[in-house]
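Right, one structure below, let's go through it.
The values are calculated or read from the model by the stated rules, or taken from the named source; none is laboratory data. This one's a predicted model, so the numbers in the text were calculated from it and none came from an experiment. Neighbour counts run over all protein chains shown; Cβ positions are idealised from the backbone, glycine included. Only protein heavy atoms, including side chains, enter the accessible area calculation; ligands, DNA and RNA are left aside. Shrake-Rupley method; radii C 1.70, N 1.55, O 1.52, S 1.80 Å.
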Amino acid sequence: MDAMNAGVGSPAEPWEADVADVVARYGTDAERGLTTEESARRLARFGSNELVEQRRTSAVQLFFSQFANTMTLVLAAAAAITVVIREYRDTIVIAVIVVLNSVVGFVQEHRAEEAMAALKRLTAATANTMRDGAVAQVPAAELVPGDLVRLAAGDVVSADLRLIEVHGLRVDEAPLTGESEPTAKTARPLDAERGALVADRRNMAFKGTVVSFGRATGVVVATGMATEIGRIATLLQTHSADATPLQQRLGGLGRRLAAAALAVCAVVFIVGVFTGEPADEMFLTAVSLAVAAIPEGLPAVVTVALALGARRMAARRALVRRLPAVETLGSVTVICSDKTGTLTENRMAVERVWTHAGSYTVSGGGYRPEGEVVPAPGTVSPDPSLTRLAEVAVACNDATLHAPREGIEWTITGDPTEGALLAFAPKLGVEQREIEAGRPRVAEIAFDAGRRRMLTVHRAADGWWVAVKGAPGALAPLVSPADAEDLANALAAADSLAAGGYRVIALAERWVDAVPEPLDDIERDLHLVGLVGIADPPRAEAAAAIATCRAAGITPVMITGDHPATAEAVARRLGLLDGASSAVTGHDLDAMGDDELAGRVERVSVYARTTPEQKLRIVEAWKRQGAIVAMTGDGVNDAPALRRADIGVAMGITGTDVSKEAGDMVLADDNFATIVGAVEEGRRIYDNVRRFVRYMLATNSGEVWVMFLAPLLGLPLPLLPAQILWINLVTDGPPAVALGLEPAEPDTMTRPPRPASESILGRGLWQHALWIGLLMAGVSLAVQVLARAAGWPERTMVFTTLAFLQLGNALAVRSERHSAVHLGLRSNPWLMYAVALGVGAQLAAVYAPGVRSLFDTTPLTAVQLAVVLVASSAAFVAVEIEKLVRRRRDPV
């Protein structure tokens, strides 16, 4: 990229150079701007001032790519087999499942590609620039390096500008830098260290940010993809999300089941023929077993579980954009959270007050005027200076406080800091309208980043009243010598408040007999009234949510663009930092190599003054440690990290369209505690998927073992192909779906997250499925031997015993630790209904004349049915004993 456009390779970066050097370097005129001919030449040289989007995958390619996964191919094979054996109902069901899952995947991936389009929508359509010595409104896409751009309140900045003339300019850079308040700008050059991070470049205005106050003129120093927002666009398009843990686990399971299905077909067919069974009958039997062994209901159960989980999350203010993200939350081991609005209220509030008489704590957060000012211990006498302090805070103020209406809470128009002062004053009985009526403003000197203070003059009955607010250091030289002792105490108090993460505002006043000309002469002999410490208060529920995270084995991490002192103060109040820890800054991160960061990342809880690249590095460092990372964010600068994290969580209230499109989930209330609730839901869903897999593998393997072992034991085939498919329908249908509706277990948020590398068959699941399957087969074959010896209808009894064994297993596998008796019948009534439906359907297959002919069954006598019922309780009892042993072996 050309040095003029990128600002790289020149003797100094634009923010380091003075105004004259910038004007000369970019070949422009500080009064007249560029000529039309020169701007045309530069447009041809540098290209359009637009974000360039990489080539997208076509919709057709995206749709057909959804079929290229193992489970879909296995289901397609199963559908083909069902056509061969003329089970067209199963063919239709499987086809619908395949298409449905592919459509869901297509919609999700297509929406994920919309982040870049949302980024483009942030840019301005037009810009006011100087061309040929006159102000002209030109398309923003036609801006070139060297153009002179005029900014005013409400404008969207159309390119990266080096400001050369500033009049009280404040720019809302929160989407780009994470700063919680509009940034005051200046035209003065910065040294290299002070301008190293985007958030510190106070003499720059960046493409896509919004002017909230004042006006300015700037020289375009970067356009298009060379801008800061263009750099983020590049990161967004080069860092994609990995497959979710559930997708990875189900892919592995699908491959195993595909191999198992082929093995079942081959082995059962060969064994049957070898033992003398007819080849054509063995072929149908083997194919039927293969259909039973393939869990065609798994994608449907997973989709239903995820959809219901998404619905429950929506009720808890968490809106899911990609269904697999629901389960991913359950795997999370690290939550990287923004500070402003997520851990805090995103509303500035006066929390501390200092006057010469003492220190005070202010209750009532945000912009709510309700609350009180509580004196520190030892302060007993009323302090009249508090009222004067509140009067100055209201008078020297350009914001407006709006009372609640139609369900909307207290809001402000104007600067958040000034809004905090307006909310503070009524707690001392001072109202804005009364000050405006009794002491109308007649003159003012607006706030300026260079002066760091604001002054207003008011007409009063007995003279002219001057109200001043600003940084303590900016007011100190203007304070009357008579207040020297109070000033020294105030500066010490200001340092203490600043160390605690507060933004400190000094308030002063003066009475004069006449208003001088120029007005600047009035800024002297001020009487310091006091100090206020302003902060964005932590959310009331955030500390408890962080404690819950830690109890659940999840590491909470704060990543913010705010000042380190502010970040540390909030982190300590929330319990994120202990006494010895401190925040790691963007400067610190730049000094670390990737290996060093990966080695330290597990010991760092707070990052401050971070850039988009640094957020990506933090996410990557955690992922190198094997962590499953959730990343929250609301700004454009958060979008690349949101996309790269295992689960991106965007803010619904303060979030930009870019962050929402990049994220997998949107928090409707921007609340960290909502994420923790969503994690619980994610864990519940994964537990339910494991319940289904555990149940399905045990029951299906029981069918396989029965058919495999019977010929080896010299017994005739115990089941017909139609009976195998019926059992598969009765046991893998409603009960399987109902297992996906199990509520969360009591210890869901007190156990550690499962390892990222853990197979869905891990923690003893496949061993359980193997031995329970063998148990079912053993019990069924024992019933066959008994029935054969007693002359009873052996095939009907095996058919019914195996079906009831599987339904009993459904009741037992509701938990891997807790007894089904302890869980009760009411916690999941759907499972009770499903089991009852299965029992009724099986009895109909045995006793209903019009149905039993389809399955070649014989009605059982009371004694025969009693034997079946006793035998079929074996699976339920065995699983309950297994859980009892586990609880005694591992009580926690």
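With θ taken as phi - 60° and the Karplus curve 6.51 cos²θ - 1.76 cosθ + 1.60 applied, the whole-hertz 3J(HN,Hα) list for the stretch 141-155 is 5, 9, 5, 9, x, x, 4, 9, 10, 9, 10, 9, 3, x, 6 Hz, x standing for glycine and proline. When you count the other C-beta atoms within 10 angstrom of each residue and take the mean per peptide, 839-851, 623-635, 734-746 line up highest first as 623-635, 734-746, 839-851. Hey, if you put +1 on the Cβ of every Lys and Arg and -1 on every Asp and Glu Cβ in the stretch 574-660, which of G652, T610, T632 ends up farthest toward the positive end of that dipole? So the residue we want is G652. Each label was represented as a point 7 Å from its Cα along the Cα-to-Cβ direction; for V863 and E31 these points are 11.9 nm apart. The stretch 461-506: percent of C-alpha pairs farther apart than 13 Å? Cα-Cα pairs in the stretch 461-506 separated by more than 13 Å: 60 percent. In this structure, the amide hydrogen of A153, modeled 1.01 Å from its nitrogen in the peptide plane, lies closer than 5 angstrom to those of G214, counting only residues at least 5 positions away or on a different chain. Note on V512 and E436: with the Förster distance fixed at 22 Å, the Cβ-Cβ geometry gives a FRET efficiency of about 0.65. Each residue of the stretch 697-714 is assigned a 3J(HN,Hα), and the resulting list reads 5, 5, 5, 5, 5, x, 5, 5, 5, 4, 6, 7, 7, 4, x, 5, 8, x Hz, derived from the Karplus form 6.51 cos²θ - 1.76 cosθ + 1.60 (θ = phi - 60°), x at Gly and Pro. Of the whole protein surface, S331 contributes about 0 Å² of accessible area at a 1.4 Å probe radius. Shape class for the stretch 528-620: oblate, because the ratio a/c of the largest to smallest gyration tensor axis (alpha-carbon atoms, square roots of eigenvalues) is 1.5 or more and b/c is at least a/b. Shape class for the stretch 575-641: rounded, because the ratio a/c of the largest to smallest gyration tensor axis (alpha-carbon atoms, square roots of eigenvalues) is under 1.5. Dipole magnitude for the stretch 734-857: computed about the Cα centre from +1 point charges on Lys and Arg Cβ and -1 point charges on Asp and Glu Cβ, it is near 60 debye.
Could you pull out every residue, at least 5 positions away or on a different chain, whose amide H is within less than 5 Å of the one on V479? Hs are placed 1.01 Å off N in the peptide plane, and Pro or chain starts have none. For V479, whose amide H was placed from the backbone, the distant partners under 5 Å are L526.
Here the Karplus relation 6.51 cos²θ - 1.76 cosθ + 1.60, evaluated at θ = phi - 60°, turns the backbone of the stretch 308-317 into coupling constants of 5, x, 4, 5, 5, 5, 4, 5, 9, 6 Hz, with x for every Gly and Pro.
Amide H contacts of V606 (H built 1.01 Å from N, in plane; Pro and chain starts excluded): M558, V584 sit under 5 Å, all sequence-distant by 5 or more or on other chains. Cα-based radius of gyration for the stretch 603-686, normalised by 2.2 N^0.38 Å, reads 1.06.
Let a ≥ b ≥ c be the square roots of the eigenvalues of the Cα gyration tensor of the stretch 791-892; is it rounded (a/c under 1.5), or, if not, prolate (a/b larger than b/c) or oblate?
prolate
Per the Debye formula on identical point scatterers at the alpha carbon atoms of the stretch 469-567, with no solvent, log10 I(q)/I(0) at q = 0.22, 0.25 Å⁻¹ is -1.10, -1.26. Run the Debye formula on the Cα coordinates of the stretch 128-173, all scatterers equal and no solvent, and tell me log10 I(q)/I(0) at q = 0.24 1/Å. The computed values of log10 I(q)/I(0) come out as -0.99.
Relative protection proxy for 858-870, 144-156, from highest mean packing down: 144-156, 858-870 (other beta-carbon atoms within 10 angstrom). At an R0 of 45 angstrom, the distance between the Cβ atoms of S853 and S48 translates into a FRET efficiency of 0.05.
Structure note, pairs K469/K660; K469/K615; K185/K339: Cα-Cα distances above 27 angstrom occur for K469/K660; K469/K615.
Going by average Cβ density within 10 Å per residue, which order do the peptides 697-703, 875-881, 204-210 take, highest to lowest?
The most tightly packed comes first, giving 697-703, 204-210, 875-881.
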